[in-house]
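In what follows, a structure is listed as structure tokens, so that the remarks can point back to it.
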Amino acid sequence: MRRLSRALPWLLVARATPAAAHATGGREHHVSAGWTHDPWIVVPLVIAALLFARGWGRLRARSGQGSAALRRRGRYYAAGLLDLAAALMSPLHEAGERSFTAHIFEHELLMLVGAPQLVLAEPLAVMLWSFPRPTRRALGVVVPLLAAPWGRLTGAVTATAAQAVALWLWHAPVLFDRALEREGWHVAQHLSFLVTALLFWTAMLHRRTSAGIAALCLVATAIVLGALMAFATSPWYARYARLDMAPSGLTAAEDQQLAG
């Protein structure tokens, strides 16, 4: 079962190409088949990459060859952005339209892989250096004013509650089906998952939260919800129930159980 759960999302991605060609009236797709190029996804990722790269380059120039910590932050940030791109732009995103397991794998890649790497990169201080000196000085006045509310938002209890609310609300059948049917709602869903995941991992990784508290926080956010999905005997979501069978050959109920 472990091997199946690891391999299935990638099998779904591999099968996304012919399904995409059929759904789009038989148009041929070559290398780019199944990839998403939505400007609401691509433009923010490009801007985030450029801001960090410009700030990182300036800091590296000021530090000579660059410190080991700065290089490490660059690696974390690059890996985090690549994970976001894999979740939101690769054929996995399109496969999630036909398989609940692929959809959930996309969410987990976003929240459990990409988000913590971005947090470990501590990108905001680096991005600040991408701006001209007058802008940096102005932002330097504003940033300390945000320290207190930021500290409250990234407390273990507050950040866990925020992520739990986002997960449970968006996985309610009414909102989840709406996100599948309407692109604006889908963007809002992914944005709320990413923002709350960044708050959560900041609390877990930078606030020195104990391992015991962190484990309880993980249970409160996702594990209970996953268990309910895993033991459900009927599909929760109309979009996947109408498909009847996932591309992998699983029924809608089995696809949801594997996702859980």
**Single residue of Ala121, Ala125 found to be small (Gly, Ala, Ser), under 23 Å from the mean Cα position of the chain (by Cα), surrounded by 13 or more Cβ atoms within 10 Å (Cβ to Cβ) and under 18 Å from Gly55 (Cβ atoms)** = Ala121
**Message:** For the structure I just gave you, tell me whether Thr101 is over 30 Å from Pro235 (Cβ atoms) and of a type in the set (S, T, N, Q).
**Reply:** no
**Prompt:** Residues Thr221, Thr202, Thr209: which one is modelled with pLDDT of 90 or more and among the polar types (S, T, N, Q)?
**Reply:** Thr202
**Asked** If we scan the stretch 128-135, do we find a residue that is open to solvent by less than 70 Å² (accessible area, probe 1.4 Å) and in a helix (DSSP H, G or I)?
**Response** yes
**Message:** Considering only the stretch 65-86, I want to know if a residue exists there that is surrounded by 13 or more Cβ atoms within 10 Å (Cβ to Cβ), touching a residue at least 60 places away in the same chain (Cβ under 8 Å) and under 30 Å from Met245 (Cα atoms).
**Reply:** yes
**Message:** Among the residues of the stretch 23-43, are any modelled with pLDDT of 90 or more and open to solvent by 70 Å² or more (accessible area, probe 1.4 Å)?
**Reply:** yes
**Prompt:** So which of Thr209, Thr202, Thr221 ends up being touching a residue at least 40 places away in the same chain (Cβ under 8 Å) and closer than 25 Å to Trp40 by Cβ?
**Reply:** Thr202
**Request:** Scan the stretch 139-166 and report the pairs whose first residue is in contact (Cβ under 8 Å) with a residue 60 or more places away in the chain and whose second residue is aliphatic (A, V, I, L, M), with Cβ atoms within less than 8 Å and a gap of 6+ or a chain change.
**Result:** Ala156/Ala203; Ala156/Met204; Ala156/Ile213; Ala156/Ala214; Thr160/Ala203; Thr160/Ala220
**Request:** Within the stretch 212-240, work out how many residues are of a type outside the set (A, V, I, L, M, F, W, C) and within 21 Å of Ala95 (Cβ to Cβ).
**Result:** 5
**Request:** Quick one: which helices (runs of 4 or more DSSP H) lie wholly within the stretch 207-260 and hold at least 3 residues that are touching a Gly at 6+ places or on another chain (Cβ under 9 Å) and surrounded by fewer than 18 Cβ atoms within 10 Å (Cβ to Cβ)?
**Result:** 224-231
**Request:** Quick one: which residue in Leu112, Leu146 is surrounded by fewer than 16 Cβ atoms within 10 Å (Cβ to Cβ) and under 19 Å from the mean Cα position of the chain (by Cα)?
**Result:** Leu112
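Yes/no per residue for (1) touching a helix residue (DSSP H, G or I) at 6+ places or on another chain (Cβ under 7 Å); (2) farther than 30 Å from Arg62 by Cβ; (3) at pLDDT below 90:
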site: Ala87; (1), (2), (3): yes, yes, no
site: Ala95; (1), (2), (3): yes, yes, yes
site: Gly140; (1), (2), (3): no, no, yes
site: Trp168; (1), (2), (3): yes, yes, no
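The values are calculated or read from the model by the stated rules, or taken from the named source; none is laboratory data. If you're wondering where the values come from, they're calculated on a predicted model, not measured in any experiment. In this analysis, Cβ positions are derived from the backbone assuming ideal geometry, glycine residues included, and neighbour counts consider all displayed protein chains. Just the protein is used for accessible areas: all its heavy atoms, side chains included, with ligands, DNA and RNA removed. Shrake-Rupley method; radii C 1.70, N 1.55, O 1.52, S 1.80 Å.
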